[in-house]
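As structure tokens, the structure follows; a few thoughts come after it.
The values are calculated or read from the model by the stated rules, or taken from the named source; none is laboratory data. Bear in mind that the values here come from a model prediction, so they are computed numbers and not experimental data. Cβ placement follows ideal geometry from the backbone for every residue including glycine, while neighbour counts extend to all protein chains displayed.
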Amino acid sequence: MKDLGPTDMILGMKISKTPKEISFNLAHNIERTLHKFDFYNTKLISTLVEFSIALKNMSESMSQLKYSQLIGSLLYISNKTRPDISYAVGRLSRYTSHPSKDH
């Protein structure tokens, strides 16, 4: 066994340590996901979602496989370091079998 020094990354999360806290960051993973699915230069929006709002497909069609991969990436991010997007991602994950259909 070899000592590699202090840990600065684990499971794809960057670890920052100060005397008072330890924080985890997935910023590089989020950027990689945005580039992979061609969403890097899209307009930012709030993640607040009304419970009664009906979801409507407002973009070009996306294959079921690509949509499932995107939702999987977002679920990983939301479960690890972004609980603020968990509800919105969970709501979108309901439609992995028909991503281009209005709901």
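Here are the criteria: (1) surrounded by 14 or more Cβ atoms within 10 Å (Cβ to Cβ); (2) among the hydrophobic types (A, V, I, L, M, F, W, C); (3) modelled with pLDDT of 85 or more. Tell me which single one Leu92 does not satisfy.
The failed condition is (3).
Going by the conditions given, is Ile30 in a loop (DSSP other than H, G, I, E, B) and not basic (Lys, Arg)?
no
Right, Leu44: closer than 18 Å to Ala27 by Cβ, modelled with pLDDT of 65 or more and under 18 Å from the mean Cα position of the chain (by Cα) or not?
yes
For region 9-26, how many residues are more than 23 Å from Tyr67 (Cβ to Cβ), surrounded by 11 or more Cβ atoms within 10 Å (Cβ to Cβ) and of a type outside the set (Ser, Thr, Tyr)?
7
Scan region 68-86 and report the pairs whose first residue is farther than 20 Å from His35 by Cα and modelled with pLDDT under 90 and whose second residue is surrounded by 15 or more Cβ atoms within 10 Å (Cβ to Cβ) and among the small types (Gly, Ala, Ser), with Cβ atoms within less than 7 Å and a gap of 6+ or a chain change.
Sorted first by the residue in region 68-86, then by its partner, the pairs are Ser86/Ser78.
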